[in-house]
Structures are given as C-alpha cells and as structure tokens.
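Report on one structure; see the data block that follows.
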Amino acid sequence: MIEGVAFYILSTVAVLGALLAVSRRNLVHGVFALLLFFAALSGLFVMLMADYVAAVQVLVYVGAVGILQLFAIMLTEHVTGDDLRRLGARGWFWGLMLAVALPVVLLLPPLLNGEPPVPPAAPQSTARQLGSQLMEHYVVPLEVLALLLTGALIGAVAVAHGPEKDPPGKDRPA
Amino acid sequence: MTLNHYLVLSAILLGIGLLGVLTRRNIIVVLFSIEILFNAANLNFIAFWRFGPNPEALMGPMFALFAIAVAAAEVAVGLALVIAVYRHFKTVDLEKLDTLREP
C-alpha cells in the first residue's frame, strides 16, 4: 500500500520533471526540472533496493551533471532563448509519432505475456558486496573506466579551451 | 509493484527523451533529453535485476554504475563541444549548424 503510493508519487514527479525539462523555453528552468527528475529516479532506485546506485545517482547527476549543464548554459547564448519555434509541422508530428510508437512497441511483449514475475526476497544492502566485487571481479573494467574519465576530462578541457589567440614566445623580443 | 509498472514508467521516460531529441532545436536541450534516455535505461537495468531470478549476482547495479560513469564522461565532453560550437558559430540552434567548414 505504502509502496504503491510512493511509487506513483515518484513516477509522477519523474514524468513531470522530464516533460518540463524537454519543453521549457527557459533553459535554467529546464535544468531544475531535470534535477527534479534525477532526484525522483534516485527515489525509485531506493524502492528497488539499489541503495548504492541511488547514492551515486544523487552524487553524479544531481551534483555534477546539473552544475555542468548550468555552466554550459551560462557560457552560451541568452538564458531565455526563444526556442519554442519547432522544426516545422511535419518534423514535430513525426517526432511525436515516433516518441509514442517506440515505447508502445517496446511494451508489447511484457504486457502480452500476462503474469509478471514475482520478486524474490529483498536483498540485503548492496554497498558492501558492490565494493568488494568492484575490487575483485571487476577491477579491470574499473581501471578502464578510470582511464576513460581521465581521457574525457583532458579532452573536455582541450576542446573547450579553444585556439590560442597569439602563441606565446612568437614575437617576444629576444 | 510489479515489474510491468517499472517497464511502463521507463518506456514513458524513453518516449519523452526521444521527443526532446527529435523535436527541440536547442543543442543543450537535446543533451538534457539524452540524459533522460540514459536514466530510463538505468531504471530498466535496476528493475530487471530486482525482479530477476538471481538478485545476489548484482549484475544490474554494476551495469548501472558503469553506465552512470560513462554518461558523466559523455556529458563533460558533450558540453565542451557545445561551448566550442558556440564559440565558432555564435549559436546553439541546431537548424543553423548546417555547415562543415567556414561559411
């Protein structure tokens, strides 16, 4: 009963946040709606007994990604871009059709299959097991991931830095 | 709450993200929508793990963690590209970004 109420509240918040994020004209309002969506999804992860993933979701998405997106908005065009002009009637229509049709097609097999599987007993807290598995079984993927993040960091700085206006040391008096 | 509830929610979120990717013209809003798509996929990973036959194996949370980390790298590089594109073209409107070389 309580679980059902929590699920419907969280999923309503998630859907509303996502809808606002993709439809608001003001980009800063869009970012805050997106943060609401991330937080609601973190609550859903808690309901699914994935406590560690919920914490990571809050840290990475609500913390880091939200701030990054705010920075990107501030560094680019006017915050309240007049962006509600669509791609034209046909583009809007076909986009909406595809966005409705794809979830329906994806949902057909589980909904036609009848009885959904019964959940097994709730697992214990997953943080300890996840940590030990990351250090034992998944240690090579973890290192590859660290390399990827380092590469992404250096690449982001290199791309966003832009070309040097006047190279130092070129016309410096000797 | 059954698995189907979570699958329906995830599919709705996927549809919203797809709608944003296909119809918005601001490149930053397209990046928002890609984030929504990633999160819908993560919800599916966790839901299938929770309702699957072997929740002790922890495959779902592990996959979701790696997906979150890769998505964070994608956001960093994507937003750096947005800033570079804005510096070059002075716009973030996808309709106007239609040249591959100097105009």
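The values are calculated or read from the model by the stated rules, or taken from the named source; none is laboratory data. Here the structure is a predicted model, which is why all the values come from computation and not from measurement. Positions of Cβ are backbone-derived with ideal geometry, glycine not excepted, and every protein chain shown enters the neighbour counts. Please note that ligands, DNA and RNA were not included when accessible areas were found on the heavy atoms of the full protein model with its side chains. Shrake-Rupley method; radii C 1.70, N 1.55, O 1.52, S 1.80 Å.
Would you point out which residue out of B:87, B:50, B:101, B:25 is surrounded by 22 or more Cβ atoms within 10 Å (Cβ to Cβ), out of contact with any Cys (no Cβ under 6 Å at 6 or more places or on another chain) and not hydroxyl-bearing (Ser, Thr, Tyr)? Explain how you work it out, then say what you get.
Numbers: B:87 fails: surrounded by 22 or more Cβ atoms within 10 Å (Cβ to Cβ); B:101 fails: surrounded by 22 or more Cβ atoms within 10 Å (Cβ to Cβ); B:25 fails: surrounded by 22 or more Cβ atoms within 10 Å (Cβ to Cβ).
Step by step, each of B:87, B:50, B:101, B:25 is checked, and only B:50 is surrounded by 22 or more Cβ atoms within 10 Å (Cβ to Cβ), out of contact with any Cys (no Cβ under 6 Å at 6 or more places or on another chain) and not hydroxyl-bearing (Ser, Thr, Tyr).
Tell me yes or no: at least one residue of the stretch A:33-47 is part of a helix (DSSP H, G or I), β-branched (Val, Ile, Thr) and at the interface with chain B (Cβ under 7 Å from one of its Cβ atoms). Give the steps one after another, and end with the answer.
Taking the stretch A:33-47 first, the residues part of a helix (DSSP H, G or I) are A:33-47.
So of that shortlist, the ones also β-branched (Val, Ile, Thr) come out as A:46.
From what is left, the residues that are at the interface with chain B (Cβ under 7 Å from one of its Cβ atoms) are none.
Checked against the condition, which is being part of a helix (DSSP H, G or I), β-branched (Val, Ile, Thr) and at the interface with chain B (Cβ under 7 Å from one of its Cβ atoms), the stretch A:33-47 yields no hits at all.
Please determine whether any residue of the stretch B:92-100 is without any contact (Cβ under 8 Å) to a residue 40 or more places away in the chain, among the hydroxyl-bearing types (Ser, Thr, Tyr), more than 7 Å from every other protein chain (Cβ to nearest Cβ) and outside any helix (DSSP H, G or I). Before you say what the answer is, go through the steps one by one.
Initially, the stretch B:92-100 is screened for residues without any contact (Cβ under 8 Å) to a residue 40 or more places away in the chain, giving B:96, B:98-100.
From the residues that got through so far, the ones that are among the hydroxyl-bearing types (Ser, Thr, Tyr) too are B:99.
Pick out the ones that are also more than 7 Å from every other protein chain (Cβ to nearest Cβ) and you get B:99.
Add one more test, that the residue is outside any helix (DSSP H, G or I), and what stays is B:99.
Yes, there is a match, as at least one residue in the stretch B:92-100 is without any contact (Cβ under 8 Å) to a residue 40 or more places away in the chain, among the hydroxyl-bearing types (Ser, Thr, Tyr), more than 7 Å from every other protein chain (Cβ to nearest Cβ) and outside any helix (DSSP H, G or I).
Residue check, residue B:42 against (1) open to solvent by less than 20 Å² (accessible area, probe 1.4 Å); (2) more than 7 Å from chain A (Cβ to nearest Cβ); (3) modelled with pLDDT under 90, all met but one. Which one?
Only one criterion in (1) open to solvent by less than 20 Å² (accessible area, probe 1.4 Å); (2) more than 7 Å from chain A (Cβ to nearest Cβ); (3) modelled with pLDDT under 90 is unmet by residue B:42, namely (3).
In the stretch A:48-59, what residues are part of a helix (DSSP H, G or I), facing chain B (nearest Cβ under 7 Å) and open to solvent by 20 Å² or more (accessible area, probe 1.4 Å)?
Scanning the stretch A:48-59 gives A:52, A:56.
Go over the candidates A:107, A:111, A:130 one by one and state the one that is of a type outside the set (Ser, Thr, Tyr) and either modelled with pLDDT of 85 or more or under 21 Å from the mean Cα position of the chain (by Cα) (or both). Break it down into steps so the answer makes sense when it comes.
Numbers: A:107 fails: either modelled with pLDDT of 85 or more or under 21 Å from the mean Cα position of the chain (by Cα) (or both); A:111 fails: either modelled with pLDDT of 85 or more or under 21 Å from the mean Cα position of the chain (by Cα) (or both).
Criteria check complete, one pass: A:130.
Go through the stretch B:45-69 and count every residue that is under 26 Å from residue B:85 (Cβ atoms) and facing chain A (nearest Cβ under 7 Å).
Step one: of the stretch B:45-69, the residues under 26 Å from residue B:85 (Cβ atoms) are B:67-69.
Now narrow it down to the ones that are facing chain A (nearest Cβ under 7 Å): B:68-69.
Matching residues across the stretch B:45-69 total 2.
Regarding the stretch B:73-84, can at least one residue be identified that is among the hydrophobic types (A, V, I, L, M, F, W, C), free of Cβ contacts under 8 Å to residues at least 12 places away in the same chain and more than 8 Å from every other protein chain (Cβ to nearest Cβ)?
Kept after step one, since they are among the hydrophobic types (A, V, I, L, M, F, W, C), are these residues of the stretch B:73-84: B:73, B:75-77, B:79-84.
Okay, now just the ones that are also free of Cβ contacts under 8 Å to residues at least 12 places away in the same chain, so B:73, B:76-77, B:80-81, B:83-84.
Still in the running and more than 8 Å from every other protein chain (Cβ to nearest Cβ): none.
The answer is no, given that none of the residues of the stretch B:73-84 is among the hydrophobic types (A, V, I, L, M, F, W, C), free of Cβ contacts under 8 Å to residues at least 12 places away in the same chain and more than 8 Å from every other protein chain (Cβ to nearest Cβ).
Name the pairs whose Cβ atoms lie under 6 Å apart, with the first residue in the stretch A:25-49 and closer than 19 Å to residue A:73 by Cα, the second open to solvent by 10 Å² or more (accessible area, probe 1.4 Å) and assigned to a helix (DSSP H, G or I), and 6 or more positions between them or separate chains?
These pairs meet every condition: A:31/A:70; A:33/A:20; A:35/A:62; A:38/A:62.
Which residue, of A:119, A:167, is modelled with pLDDT under 85, surrounded by 10 or more Cβ atoms within 10 Å (Cβ to Cβ) and over 30 Å from residue A:28 (Cα atoms)? It would help to see each step written out before you state the result.
Details: A:167 fails: surrounded by 10 or more Cβ atoms within 10 Å (Cβ to Cβ).
Of the residues listed, the single one that is modelled with pLDDT under 85, surrounded by 10 or more Cβ atoms within 10 Å (Cβ to Cβ) and over 30 Å from residue A:28 (Cα atoms) is A:119.
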